[in-house]
Structure formats: structure tokens, C-alpha cells
Amino acid sequence: MSARTDVLLWAQRVTARKGAAAHQILEVAASCSLDVAQDAFHKIARMAHPDLHRTTLSSDELELVTSAYARAAAAYQEIRGQRLTTTRLRPIRDSVAEVAPVPATMVIPTSPLSNKAIAIPDEQPVNPAQAMSSKALIYYRKAELCLRRGDLTAAVLQLKMAIASDPQSGFLRSALAEVESEVVKKP
């Protein structure tokens with residue numbers, strides 16, 4: 001068969017699988033590794049990328065191949081997202097709930113010789129996004145994006161930049177330690 005026929009048959013097969021699981025679209029086993037899914041997607045890309053067929057297919061056929069290729073790319077991204085060990089850092093808004101509750105007021109003696117005491121309000125739990133500098137927050141968000149892409153080393157670099165911008169942040173240091181532990185685990 002010709003390359004044109006192969007790609008059209010593949011595109012028809014993919015579009016006929018409405019609601020199919022990602023592994024079925026890529027034609028791999030459900031429990032396949034990320035490397036196997038990546039190899040399958042790269043094989044599809046070498047055969048069916050729409051740019052390869054712009055001159056040989058009619059507009060309707062190209063539309064069919066483009067939509068099938070988009071489904072294959074989405075299937076690969078879905079499998080990739082499931083297989084990555086670290087997909088994101090701990091969300092900032094959820095970390096406020098992890099702060100231990102503190103009493104509303106605290107009694108502090110005015111002097112060691114006096115029996116008088118005054119009540120002053122304690123600090124309420126602080127949102128790490130509000131506690132870190134704006135520049136550190138930008139680097140933290142960049143680290144989140146790197147993790148979504150699966151680039152752990154770039155995430156480590158962005159977190160180190162965030163710590164350089166805000167050296168007192170324990171939140172950033174714990175996030176860096178978490179990502180560095182994932183880097184060590186990765187072969």
C-alpha cells in the first residue's frame with residue numbers, strides 16, 4: 001500500500017473509535033510504560049503528521065488526518081500525564097490548611113517582675129503565596145509549569161531561583177526538597 005492509503009486507513013480507524021481509551025488510540029497495552037507510549041506516538045507522528053501530507057491529500061482527507069492526529073496527540077498526553085511521578089508541586093492555596101491552628105490571643109507578661117499581663121493577637125496562618133516575594137512566586141509558577149511538562153531538572157532550577165529571590169521561605173525549601181527527591185528516584 002502507498003503512504004497515502006496507509007495514513008487514510010489509520011485516520012479512519014482512529015476516528016471510528018469514539019470514546020476509546022488513550023491506549024486504544026495509540027494501539028498499545030493499557031499498562032504500557034511511558035517509553036512504549038512515546039515510541040507509539042513517534043511512530044504515528046512519522047507516518048501521519050498532517051504536515052507530511054499537505055500536498056498529497058485533498059482538503060477533506062487532510063482534515064480527517066489532522067483530527068485523527070490531534071486525537072492521537074491528546075491520547076499520548078493523557079498517558080504521559082498518568083505515568084509521570086511528579087506532575088505538580090503542592091498547590092499554594094491548599095498549604096494554608098496544613099498550618100496548625102493557633103489560639104486567637106496569647107498572654108505575655110509585660111515584665112518579669114510584674115504580675116500584669118496583656119493579651120495580644122497571634123499571627124493567623126499565612127498563605128505562602130502572600131508570604132513570598134512576587135519574584136519568588138513567579139519562579140514558583142514557572143517550576144509548576146516545568147513539572148507539568150515532566151522536566152524535573154528545570155523545575156529544580158526554577159525553585160532555586162525562587163529561593164534566591166526569597167531566602168527565608170521554608171515553603172520553597174520544602175518544595176525544592178520534594179522535587180529533588182523525585183530527581184534522585186528517576187533513572
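Before moving on, here are some points about what is shown:
- Close pairs from the range 4-28: first of a type in the set (Lys, Arg), partner surrounded by 18 or more Cβ atoms within 10 Å (Cβ to Cβ), Cβ under 7 Å, at least 6 apart: Arg4/Leu57; Arg17/Ile25
- Residue in the range 37-55 that is under 28 Å from the mean Cα position of the chain (by Cα), farther than 24 Å from Arg83 by Cβ, surrounded by 17 or more Cβ atoms within 10 Å (Cβ to Cβ) and not hydrophobic (A, V, I, L, M, F, W, C) present: yes
- Restricting attention to the range 147-187, the residues that are assigned to a loop (DSSP other than H, G, I, E, B) and in contact with a Ser or Thr (Cβ under 9 Å, 6 or more places away or on another chain) total 4.
- Of residues in the range 162-179 being buried (at least 17 other Cβ atoms within 10 Å of the Cβ) and under 19 Å from the mean Cα position of the chain (by Cα), the one farthest from Ala131 (Cα to Cα): Val179
- Cross-chain or 6+ apart pairs with Cβ under 7 Å, the range 143-169 first and touching a residue at least 12 places away in the same chain (Cβ under 8 Å) and within 16 Å of Ser181 (Cβ to Cβ), then among the acidic types (Asp, Glu) and surrounded by fewer than 19 Cβ atoms within 10 Å (Cβ to Cβ): Leu152/Glu182; Val156/Glu180
The numbers here are math on the coordinates, done by the rules we state, and not lab data. Bear in mind that the values here come from a model prediction, so they are computed numbers and not experimental data. For neighbour counting, all protein chains shown are included, and Cβ atoms are generated from backbone atoms with ideal geometry for every residue, glycine included.
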